[in-house]
Amino acid sequence: MNLRILKSGGKDEREFMERLNKRSAAIGGDILRKVEKIIEQVEKDGDAALYEYTKRFDGVDLLSLEVTHSEFENARRSVDPELVEVMRRAAENITKFHEKQKQTGYRIDEDGVVCGQIIRPLERAGIYVPGGTAAYPSSVLMNAIPAKVAGVSEIVMVTPPGKDGTVPANILMAAEVAGIDKIYKVGGAQAIAALAYGTESIPKVDVIVGPGNIFVATAKKLVFGKVKIDMIAGPSEILIVADESADPAYLAADMMSQAEHDVLASSVLLCLSEKQAKAVTLELKKQIETLPRAEYIEKSLKDYGAIIVCSDLDDCVRLANEISPEHLELMVKEPFVILPEIKNAGSIFLGENAPEPLGDYMAGPNHVLPTSGTARFSSPLSVDCFIKKSSYLYYDKNALDGISKDVMRFAASEGLDAHANSIKVRVKDNEQIYTGENKPH
């Protein structure tokens, strides 16, 4: 196990931070052109393009894009009922957490003026679920349930088919638990294009959520504006802040739980002594021998993992806020004391009994989180992603009379005399309209 141990504030730390930042590479021109062509073809040819791309990229010649009733029946028979019950319990916790995010509108009513805001759900949401090793039932729940809580009328899921032309049974069961309405066997950039523009089979949606590879991410960027998107997800990451009370076995286990996702995943520990750092590296070597995905873990930790020895907890907090991680564990004796100092993190896990996998599966907070430092300005997937807001405004005659001169003065200052005139024709005692020739000084 080759894991770097660094001291905070030095050159090595800066170089490591730069290495982390380069994981999410910019989209190359070649990929951009390919995705643009795919989107254009789907917009033009609809289902025909989807069948063609599915055959070309997935090696499957489909007879139908939509998952059939019989495919669901087969999935129900093949998935362990106990696993389905676990999914249901997870769904209950996720629903309970997201119910608290629901917003109600508001109304201000005073002196003849009524204004306010109305909250409405989006009509239709599209969920992208990756295929292969990244097809996680937990992500189906996390993406769909906030949409359900928001009141979205229809949820459509797209996911690439396997070589046998089917969707994994556990994915279908998660979709059933989450209440997804329709599922289509199409993946990649072509699936994003279908959701954004609609085809003969796949309806056009208002928002697209869910992670994917570089082609999916590029397609989401390109269709943004035609539809809403959640975020562009980068490689997974965990940052752990530990004081002397933290158990090295727990720290090692939690670093590896994230590293097994992907060779690009990042696991970083901020601790207070080199002695503690070495104890963690010993635990890593011991525990990795029992884990099937050891090859992924080792590569991830070698390339994007580190233990950084900080001078004190304030130094740890400074660095944590600079990195702005997707997952942040506070493995300290008094985590609630430090919590107010954390400014940038997707999801925060407090104490030794709240490891990150709790959030991945069962606890309730969403595990679709901002990555690659974007927690500085963005938030986890939530009910907010599936709503829209409208404002409204009413003035009675006296209220309009009282503010009319101010509105006309403002309009005239911007050279928009027709704006001012729209007020003037309604207010009889305003003889003067401010124009470019007689603007007030």
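The values are calculated or read from the model by the stated rules, or taken from the named source; none is laboratory data. Just so you know, these numbers come straight off a predicted model, no measurement behind them. FYI the Cβ positions are ideal-geometry reconstructions off the backbone, even for glycines, and counts take in every protein chain you see. Ligands, DNA and RNA are excluded from the accessible area calculation, which covers all protein heavy atoms including side chains. Shrake-Rupley method; radii C 1.70, N 1.55, O 1.52, S 1.80 Å.
Under the condition of being in a loop (DSSP other than H, G, I, E, B) and among the small types (Gly, Ala, Ser), which residue from region 90-112 is least open to solvent (accessible area, probe 1.4 Å)? Per the stated criteria, the residue is Gly112. Looking at region 170-278, the helices (runs of 4 or more DSSP H) lying wholly inside it that each contain 2 or more residues that are in contact with a Ser or Thr (Cβ under 9 Å, 6 or more places away or on another chain) sit at 188-197, 248-259. Contact map, region 22-42: first residue within 13 Å of Ile214 (Cβ to Cβ) and at pLDDT below 95, second residue part of a loop (DSSP other than H, G, I, E, B) and open to solvent by less than 70 Å² (accessible area, probe 1.4 Å), Cβ cut-off under 8 Å, separation 6 or more or different chains; pairs are Arg23/Gly234; Arg23/Pro235; Arg23/Leu264; Arg23/Ser372; Ser24/Gly234; Ser24/Pro235; Ser24/Thr371; Ser24/Ser372. When residues in region 295-319 are screened for being without any contact (Cβ under 8 Å) to a residue 40 or more places away in the chain and under 25 Å from the mean Cα position of the chain (by Cα), 2 of them pass.
Contact map, region 320-346: first residue within 17 Å of Ser379 (Cα to Cα), second residue outside any strand (DSSP E or B) and of a type in the set (Val, Ile, Thr), Cβ cut-off under 6 Å, separation 6 or more or different chains; pairs are Glu326/Thr371. As a summary of the residue check, Glu352 satisfies the conditions (1) in contact (Cβ under 8 Å) with a residue 40 or more places away in the chain; (2) within 25 Å of the chain's Cα centre (by Cα); (3) open to solvent by 50 Å² or more (accessible area, probe 1.4 Å); (4) within 23 Å of Ala246 (Cβ to Cβ) except for the one numbered (2). The set of residues in region 373-402 being surrounded by fewer than 16 Cβ atoms within 10 Å (Cβ to Cβ) and among the aromatic types (Phe, Trp, Tyr) consists of Phe377, Tyr392, Tyr394. Taking the conditions (1) open to solvent by less than 30 Å² (accessible area, probe 1.4 Å); (2) on the phi > 0 side of the Ramachandran plot; (3) of a type outside the set (D, E, K, R) in turn, Gly9 satisfies each one other than (1). Residues that are assigned to a helix (DSSP H, G or I), free of Cβ contacts under 8 Å to residues at least 24 places away in the same chain and open to solvent by 50 Å² or more (accessible area, probe 1.4 Å) within region 403-423 comprise Ile403, Asp406, Val407, Phe410, Asp417, Ala418, His419, Asn421, Ser422, listed in sequence order. In region 72-89, which residue that is closer than 17 Å to Thr159 by Cβ and within 29 Å of the chain's Cα centre (by Cα) is most open to solvent (accessible area, probe 1.4 Å)? This residue is Phe72. In region 210-231, the count of residues that are over 23 Å from Thr371 (Cβ atoms), at pLDDT 95 or above and open to solvent by less than 60 Å² (accessible area, probe 1.4 Å) is zero.
The residues in region 113-130 that are within 16 Å of Asn170 (Cα to Cα) and open to solvent by 30 Å² or more (accessible area, probe 1.4 Å) can be counted, and the count is 0. So for region 183-198 (the condition being over 18 Å from Leu369 (Cβ atoms), among the aliphatic types (A, V, I, L, M) and within 17 Å of the chain's Cα centre (by Cα)), does at least one residue qualify? Yes, region 183-198 has at least one match. Of the candidates Met157, Met142, the single residue that is crowded, with 23+ Cβ neighbours inside 10 Å and within 20 Å of Asp47 (Cβ to Cβ) is Met157. Taking the numbered list (1) surrounded by fewer than 24 Cβ atoms within 10 Å (Cβ to Cβ); (2) of a type in the set (Gly, Ala, Ser); (3) farther than 30 Å from Lys388 by Cβ in turn, Ala320 passes all entries but (1). With respect to Phe336, is the statement that it is open to solvent by less than 20 Å² (accessible area, probe 1.4 Å), touching a strand residue (DSSP E or B) at 6+ places or on another chain (Cβ under 9 Å) and modelled with pLDDT of 95 or more true? For Phe336, the condition - open to solvent by less than 20 Å² (accessible area, probe 1.4 Å), touching a strand residue (DSSP E or B) at 6+ places or on another chain (Cβ under 9 Å) and modelled with pLDDT of 95 or more - is not met. If the condition is being of a type outside the set (Asp, Glu) and either in contact with a Leu (Cβ under 6 Å, 6 or more places away or on another chain) or not in a helix (DSSP H, G or I) (or both), then region 74-89 contributes Ala75, Val79.
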